[in-house]
Amino acid sequence: YRWDYTEPRPVGQSLEETNYRPWDQSYAIENLFDEDKTNFIHSDRTGISEENPFDLTVRLAEPVTANTLTIVGEPTRVYLPKNFELYGGPDPGHLEKLCSVRNAEVKDGNVTASFETREIGCYRLVVTDTTAPGTRYIAFREAVLSFRIPDGLWLSPDEENFGFRGDWTLTPGLASFGHRYEGENAV
């Protein structure tokens, strides 16, 4: 079996710049960058539009090779980007347009955008419309860059196709792809 898909890589991110205004203090922009995957951002009562876009620039702790951005939704508030542009590059001063998305499809509560494979140290997301009915709020848990091979197959080490013998341990969050299985006297 071949590993044809790399799962989203948790890479440290920090806010570079934004025009985001939260609904209240519990929806601070820092929610996108902390370890708590249950919290989220939620914009104030001003609708997102061409005239009032949601604009977010993020610097990664280290550059990644990516061709996909997944915006992870908040299940009780499906206020995800519908029309947006994504820019990426080595730093905020050298960003190029990676993709322009219109009428994004919400699948499994998330929005995904694909683009040509690039080395990215910083990205900018500019949203001009959202999936929210009525006032065009924006709400989501995180934005994750990843590298995917088209039509690839994601195989989990937990599948019955794999057999592990010996002393194996799971070390979460250490490797760049998420976690690492280690074995001593193991096959």
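Which of rounded, prolate, oblate describes the range 1-126, given a ≥ b ≥ c as roots of the alpha-carbon gyration tensor eigenvalues and a/c under 1.5 marking rounded, otherwise prolate only if a/b is larger than b/c? List each step's numbers first, then the result.
Values: a/c = 1.40, a/b = 1.30, b/c = 1.08.
Since a/c stays below 1.5, the shape of the range 1-126 is classed as rounded.
What's the magnitude of the charge dipole for the chain around its Cα centre, counting Lys and Arg as +1 and Asp and Glu as -1 at the beta-carbon? Answer in Debye, nearest 20.
On the way: 18 positive and 31 negative charges, 85 e Å.
Rounded to the nearest 20 debye, it is 400 debye.
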task: Pop out the carbon and sulfur fraction of the accessible area of the chain as a percent, whole number, probe 1.4 Å.
output: 48
message: Among GLY88, GLY134, THR169, which residue has its Cα furthest toward the positive end of the charge dipole of the chain, with +1 on Lys/Arg Cβ and -1 on Asp/Glu Cβ?
response: GLY134
- prompt: Which distance in nm do the two modelled labels at PHE33 and LEU155 give, with both placed 7 Å along the Cα-to-Cβ direction?
  reply: 3.8
- prompt: Using 17 Å as the cut-off for backbone N distance, which residues of the range 15-36 belong to the label zone defined by a point 7 Å from the Cα of THR76 along Cα→Cβ?
  reply: 23-28
- request: Grab the other residues whose beta carbon is less than 11 angstrom from that of GLY109, score K and R as +1, D and E as -1, and report the net.
  value: +1
- request: At 7 Å along the Cα-to-beta-carbon direction for both GLU105 and GLU119, put a label point, then send me their distance in nm to one decimal.
  value: 3.3
task: Mind checking the per residue accessible area of the chain for me, 1.4 Å probe, whole number of Å²?
output: 57
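The values are calculated or read from the model by the stated rules, or taken from the named source; none is laboratory data. No experiment lies behind these values; they were computed from the predicted model shown. FYI the Cβ positions are ideal-geometry reconstructions off the backbone, even for glycines, and counts take in every protein chain you see. Accessible surface areas use protein heavy atoms only, side chains included; no ligands, DNA or RNA. Shrake-Rupley method; radii C 1.70, N 1.55, O 1.52, S 1.80 Å.
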